[in-house]
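Report on one structure; see the data block that follows.
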Amino acid sequence: MTDLDQRITSVLREHAEGETDTHRLLRASRTLGRRRQVRRRAATGTALALVGVLGFVGVTGTDLGGLSGRLPWVASTPTVAAPVPPRADGVPGAAERPDLVGSDSSTLHFGLDPGRARYLRWAVYGAPQVESIRFSVGGGQPVLVEVSHSAQVIKEMPIDGFPAQAVATGAAVDGTIRPVPGTSGGLLKAWEPVPGLYARASTLGGDQGALSAAVEAVRWDEARRCAGPLRLTKLPEGTRVATCSVEVTAFPKGLNVELTLVREPSATMWVRLVYGSEIAITRDQGNRTVAGHPAYLYPDGTKLDRLDIPRAHLTADFGWPYPGTEPPEGPGFTEAEATTVLAGAQVPKDLTDPETWR
C-alpha cells in the first residue's frame with residue numbers, strides 16, 4: 001500500500017462511525033504532495049541525465065519524447081490522434097455503480113466523448129479508490145477530472161500536477177468553480193454528478209467557461225480498461241496491482257505506463273515502461289540478466305532495468321522513493337522479485353499501435 005493510500009485509508013477507517021478529521025487528512029495530503037514534488041524533481045533530474053547517458057538527440061524544452069509524462073501539464077500536444085482506452089464490456093459505469101469506482105486497478109468507470117476530447121492520461125488508484133482522466137478539448141488547456149465515492153477524498157487530497165503549495169481548500173462539493181490558492185490561474189470545480197459519486201475538475205489555465213465546457217465531454221455511463229502497452233504475467237506471491245497509470249500526452253513520440261505493486265504490510269514496487277522515439281535504439285551495458293535479456297541493476301541496488309526493448313526503458317523500482325523520510329517497517333520487495341516481475345512483463349513490438357493494448 002502506498003503512503004498516500006495508508007494515510008487516507010487510516011483516517012477514513014478510524015472515523016467511519018463518526019466525524020472525519022478533515023484537518024488531519026488535509027495535513028497528510030499536503031505532506032504527500034510535497035513528497036511527490038521531491039520525487040518528481042528527482043525523476044526530472046534523472047530524465048535530463050539520460051539525455052547525455054543514453055543517446056537522446058534533438059530534444060528541446062520539456063518534451064523528452066515520453067519522459068514528459070512525469071513533467072506535469074507542460075508537454076506539447078501532438079496533432080496525431082491520441083489513443084483511447086478500450087471499452088470494458090459488461091462493466092457498469094460510475095453513474096450506475098458509483099461504489100465500484102477505484103475498486104479495480106484495471107478498470108475506469110467513466111470516460112470521455114472522443115469526438116470532443118483528447119485523452120492525455122488515465123489512471124486508477126487503489127486504496128483511496130480514485131480514478132482520473134486528464135484530457136484537452138479543442139487544443140485547450142489540459143483538464144484533470146478525478147472521481148471517487150468518497151466526498152472527503154475528493155475535497156482534501158492533493159491536486160495531481162499542481163504546484164506543491166496548491167491546496168484543494170476543502171471547498172463544498174457544490175459545482176462552483178473556484179480559484180486554487182497557491183497557483184496563478186488555477187481553477188477547481190467539485191460536484192456530485194449522480195448521488196454517491198463525487199468528482200473534481202482542475203486546470204492550470206483557461207477560464208471558467210472553458211472548464212465548464214470541458215467537463216461536458218465526460219461520460220459517466222461507460223467503463224473503460226486502464227490499458228497500455230505493458231502487461232505483467234508474473235507477480236510475487238501475495239502481490240497485487242494497486243494502481244495503473246497510462247500517459248499519452250506526447251504520443252506517438254513517447255508514452256509512459258506505471259503499475260504499482262503492493263504486498264501487505266509494507267512492500268511497494270513501481271513498474272514503469274517509458275518509451276521515447278529518441279531514446280537509443282539498443283543498449284547492451286547490462287550487469288544482470290532477466291529471462292535471457294540483458295538488464296541493469298542501478299548502483300543503489302533498488303532499481304532494475306530491462307535493456308532489450310528498443311527505444312524504451314522497462315524498470316522495476318523497489319526502493320523507498322521519499323528521501324529524508326523513514327520507510328515503513330517490514331520487508332520490502334527484493335531484486336529477485338523484481339527480476340520475476342520483469343521476466344513476465346509483456347510489451348508489444350510496436351509500442352505506438354494502440355490496437356495491441358488489449
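The values are calculated or read from the model by the stated rules, or taken from the named source; none is laboratory data. Everything numeric here is computed off the predicted structure, so don't read it as measured data. Because the Cβ atoms are built from the backbone with ideal geometry, glycine has one as well, and the counts that use them run over all protein chains shown. SASA here: full protein model, heavy atoms, side chains in, ligands and nucleic acids out. Shrake-Rupley method; radii C 1.70, N 1.55, O 1.52, S 1.80 Å.
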Failed condition for residue 246, given (1) touching a Pro at 6+ places or on another chain (Cβ under 7 Å); (2) over 20 Å from residue 319 (Cα atoms); (3) β-branched (Val, Ile, Thr): (1)
Residue 220 being under 24 Å from residue 123 (Cα atoms), without any contact (Cβ under 8 Å) to a residue 40 or more places away in the chain, open to solvent by 40 Å² or more (accessible area, probe 1.4 Å) and not polar (S, T, N, Q): no
Enumeration of residues in the range 191-204 that are open to solvent by less than 10 Å² (accessible area, probe 1.4 Å) and in contact with a Gly (Cβ under 8 Å, 6 or more places away or on another chain): 202, 203
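The rows are residues; the columns are (1) outside any strand (DSSP E or B); (2) charged (D, E, K, R); (3) open to solvent by 30 Å² or more (accessible area, probe 1.4 Å); (4) without any contact (Cβ under 8 Å) to a residue 24 or more places away in the chain.
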| residue | (1), (2), (3), (4) |
| --- | --- |
| 255 | no, no, no, no |
| 274 | no, no, no, no |
| 314 | no, no, no, no |
| 327 | yes, no, yes, no |
| 330 | yes, no, yes, no |
| 349 | yes, yes, yes, yes |
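Quick grid of which residues meet (1) hydrophobic (A, V, I, L, M, F, W, C); (2) outside any loop (DSSP other than H, G, I, E, B); (3) open to solvent by less than 50 Å² (accessible area, probe 1.4 Å); (4) in contact (Cβ under 8 Å) with a residue 60 or more places away in the chain:
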residue	(1), (2), (3), (4)
82	yes, no, yes, yes
90	no, no, no, no
94	yes, no, yes, yes
103	no, no, no, no
115	no, no, no, no
123	yes, yes, yes, yes
135	yes, yes, yes, yes
Residue match in the range 292-303 (condition: in contact (Cβ under 8 Å) with a residue 40 or more places away in the chain and either buried (at least 22 other Cβ atoms within 10 Å of the Cβ) or part of a loop (DSSP other than H, G, I, E, B) (or both)): yes
